[in-house]
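What follows is a single structure, written as structure tokens, with notes after it.
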Amino acid sequence: MSNVTSLERSAEKLATANRRRSPAKPATGTYDSNGKRVIRHDPGRLPEILDELGAALAEYGENLFVFAGRLVRVYPAPESPGKGIARPRGALILHAVDGAHLAELAGRAALHERYDARSDAYKHCDCPRRVADAYLSRGYWPELRQLSGFVEAPIVTLSGRLLDNPGYDAETGLFLAFEKIPGYTAPDAKSTMNDSSCAAGHLLEAVSEFPFVDDTDRSAFLAGVMTGLLRRVLAAAPMMAVTAPSPGTGKTLIAETFAIIATGRRASVLSLGHDDAETEKRLAGVLLAGDACIALDNIERPLKGELLCQVASQQFVRLRPLGASGMVSIPTHALLVATGNNLSIVGDLKRRVSLIRLDARQERPEQRSFKRDHLDEVFARRGDLIRDALTICLAYIAAGSPAVDGLYPLGGFEHWDRLVRRPLVWLGLPDPLKASEALRDQDPDLEAMRLLFGSWNEEFSSEKKTAADVVSAGMEAAPMTSEYVRAELREALQLVCSEKPNARRLGYWLRSHRDRIVDGLTLKQAGADGHAKVARWSVTSAGDAGKAGDVSIPF
């Protein structure tokens, strides 16, 4: 029996008991002797019947919610895997309620009657399917509980309130879909820094055999555990990225650790599509299903894209689900974990990642021996690990959420910064984002900017040039030789244009990198060529950027 099934039965018993203890009823509606609403399906009363059905479903208080504009219930995913997504057995997801299922739920929530002319009396009947379909077609159900998400472990809210009692929490809109967790005891709401330090030590002891590069990566691991537990209340959170130079180092095990602590099961694994459109549909599917931890495992190509950036940094995204024609607004509160060998993360996604580096410094790291089975131990100690992770957060809040010296603000991730990052640095651990700074130096786009800005500045100083001028200068060959006059500039042009350099490709690149600053140099649009009517550009010192005259003129 699943946790959700047990919770449903408990909720139904509680609702029945409450009805019996509370004889007073609203002014409208009919009830039987047990306090159960009676709905009579008379002709010409469809609007009133739908109102009564909504009230009955709200009174029943079963596992029925409004999420992303749909009626949904929480129960395990089917055994058959979905396209591009592999879920562990028993994984809880959100299921949309269709008309047939709603008719069943309506029968549980109320007694339905229809007038029988032969007996000149009302007789019991099933809820008509047309009534259930009409109720679904309303598309707006303010009487029902709004669901922000479900969790399978205790959680701390943004106000510092500990939620560890199963059931629905009206203030946050969270459904706590778990019962007793073996080994879990509630952390002290007034935990101290010493309590927090001990808790961090217990968490790190569980991964003591993993070859983290340094303490920065251990701090990032702790951030991943805390983010997995708190993600449902965070408006945005960085994607966790686990990288290593060789296969078999333990990257996937780290991702599974996050998922087991947060959900009691391994992670749901998402395969990226062949193109952005396919990836968007798959990601929309797992977000609509409410998966708590999504692993992008063994990534072999550079990880980038507008959609991943939005999922990491925005509270909602508008996506088109697989098989649907319309766009829906979907919460993004799932922990994303990417793993790969020498993982490459480029573009704007770099700023939205917390990097964990592993390095066994062996040719065949998969042949190492260990004292224990890591995942078995995490399953066995899950309750203790949950308490330890929440203790770190609660201790920082109990201390008054003090400012941390030397920690720059993290725009767009304010809640994560306050509940995850700052508590760790407050303990004296390294900034969990420090290792991610290396991604900036590894970004091929940044390398291209450095090379082009540097060679441009060396060749032209602050002179204003069109894209055609720069391409012509870079591709100029030395007389009687196969060499180029400005070899470094030519190399930079080939890098930014990807193919044979020409003015059109370079122009597009310049426009998309306007006003960027690299190594103290910045690219500015500096008016237009009076004869050709095309934009001119200059690379100047960032301190002198205001002198270039930023005029918006198309190519």
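We did not get these values from a lab; they are worked out from the coordinates using the rules stated. Owing to the predicted nature of the structure, the values given are computational and were not obtained by experimental measurement. Note that each Cβ is placed from the backbone with ideal geometry, even for glycine, and that neighbours are counted across all protein chains shown.
Highest average first, the peptides 393-402, 348-357 ordered by how many other beta carbon atoms sit within 10 Å of their residues are 348-357, 393-402.
Look at the dipole of region 350-431 built from charges on Cβ: of ALA360, PRO423, THR391, the Cα furthest out on the positive end belongs to ALA360. Computed from the C-beta positions of GLU306 and THR481, the FRET efficiency with R₀ = 41 Å rounds to 0.40. Listed by chain and number, the lysines placed with their C-alpha closer than 22 angstrom to that of LYS251 are LYS304, LYS350, LYS371, LYS434; residues fewer than eight positions away on the same chain are left out. So how far, in whole Å, is the C-alpha centre of region 384-435 from the one of region 279-347? With region 384-435 and region 279-347 each reduced to a Cα centre, they are spaced 25 Å. Axis angle, to the nearest 10 degrees, between helix 99-109 and the longest C-alpha principal axis of the chain: 50 degrees. When each of the peptides 93-99, 204-210 is scored by how many other beta carbons lie within 10 Å of its residues on average, the order from highest to lowest is 93-99, 204-210. Note on region 354-403: the C-alpha convex hull projects to 6.0 nm² when averaged across all orientations.
Take each peptide in 427-434, 360-367, count the other Cβ atoms within 10 Å of every residue, and average; sorted highest first, the result is 427-434, 360-367. Only alpha carbons enter this Debye calculation for region 276-422, each as an equal point scatterer, and the log10 of I(q)/I(0) it gives at q = 0.18, 0.19 Å⁻¹ is -1.29, -1.31. Separation of region 151-204 from region 494-529 is 50 Å, based on Cα centroids. Estimated translational diffusion coefficient (Stokes-Einstein, Kirkwood radius over Cα pairs, 20 °C, 1.002 mPa s) of region 329-389: 137 µm² per second. Between PRO47, SER455, PRO501, the Cα set farthest toward the positive side of the dipole of the chain (charges on each charged residue's Cβ, about the Cα centre) is that of PRO47.
Based on the convex hull around the alpha carbon atoms, region 178-234 presents an average projected area of 5.4 nm².
With a cut-off of 9 Å between beta carbons, the residues surrounding LEU176 carry a summed charge of -3, where Lys and Arg count +1 and Asp and Glu -1.
In units of the compact-protein estimate 2.2 N^0.38 Å, the chain shows a Cα radius of gyration of 1.21. No solvent, one uniform scatterer per C-alpha: report log10 I(q)/I(0) for region 388-527 via the Debye equation at q = 0.17 1/Å, two decimals. Ignoring solvent entirely, the Cα scatterers give -0.89.
Only Lys, Arg, Asp and Glu carry charge here, each on its Cβ (+1 for the first two, -1 for the last two); on that basis the chain has a dipole of about 1280 debye about its Cα centre. According to the Kirkwood relation over distinct C-alpha pairs, the hydrodynamic radius of region 60-117 is 13.7 Å. Between the helical axis of 503-512 and the longest alpha-carbon principal axis of the chain there is an angle of about 50 degrees.
For the chain, the longest principal axis of the alpha carbon atoms and the long axis of helix 46-60 meet at an angle near 80°. Taking a Cβ cut-off of under 10 Å around ARG266, the surrounding Lys, Arg, Asp and Glu residues balance to a net charge of +2, with basic ones at +1 and acidic ones at -1.
Normalised by the number of residues in the chain, the mean separation of alpha-carbon contacts (under 8 Å, six or more apart) gives a relative contact order of 13 percent. This model, with +1 at the C-beta of Lys and Arg and -1 at the C-beta of Asp and Glu, gives region 71-120 a dipole about its Cα centre of some 360 debye. Straight Cα distances below 20 angstrom link LYS83 to the lysines LYS281, with same-chain residues fewer than 8 positions distant left out.
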